[in-house]
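The values are calculated or read from the model by the stated rules, or taken from the named source; none is laboratory data. A quick note: this is a predicted structure, and the numbers were derived from the prediction, not measured. Note that each Cβ is placed from the backbone with ideal geometry, even for glycine, and that neighbours are counted across all protein chains shown.
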Amino acid sequence: MTDRDIKNMTNQPAKKDVANILPTERTQALNTLIRATQALVELSDKETQALAQSDMLSLNILQDEKEFLIARYQKLSQEFRDRLEDFRDADRGLLDRLEKMQLLLGEKAHGNNDTVIDIRDRSQRRTQSSLFAAQELAQQVPVRYNTSAPRVNGQDA
């Protein structure tokens, strides 16, 4: 047993009862991470389209798929970080591709978050404006109670 083997054994996190989903072989593992990232990029594109079209139904439907993909991506990423030393001398092209995909995902997610914040802010402004208009109208128009409301069985309706 080499010093590196001992170091790797002592730096390994405790094994959990949950099965690993990242393949053991490095090239397969990197391709799995790339595909998982690509799936999130594609979903982000669908979200962008739904937001641009103000299609909140489609956006809502995408959320179940998004939750699944994010949970899988997080699990794969954690396994990758747990095995980071294994990937130090992996195929540089695959590592670069993974990095570019992750940067693209970050940009798309950031853009969608900005759009959602803009939509929320516009909605809040409209709501506030409607409330002010309603208050203003209520102050201008006196409220009249109908004192001649019909009676049912001797009681006011």
Considering only the stretch 39-58, state which residues are in a helix (DSSP H, G or I), loosely packed, with under 15 Cβ neighbours inside 10 Å and not hydroxyl-bearing (Ser, Thr, Tyr).
GLU42, ASP45, GLN49, ALA52, MET56, LEU57
Looking for whichever is of a type outside the set (S, T, N, Q) and at pLDDT 95 or above here; the options are ALA19, ALA39. Which one fits?
ALA39
Restricting to the stretch 72-93, give me the number of residues that are among the aliphatic types (A, V, I, L, M), surrounded by fewer than 15 Cβ atoms within 10 Å (Cβ to Cβ) and modelled with pLDDT of 95 or more.
0
Taking ILE6 as the residue in question, decide whether it is surrounded by fewer than 16 Cβ atoms within 10 Å (Cβ to Cβ), in contact with a helix residue (DSSP H, G or I) (Cβ under 7 Å, 6 or more places away or on another chain) and at pLDDT below 95.
no
Residues of the stretch 71-94 that turn out to be in a helix (DSSP H, G or I), of a type outside the set (Lys, Arg) and in contact with a helix residue (DSSP H, G or I) (Cβ under 7 Å, 6 or more places away or on another chain), as a count:
7
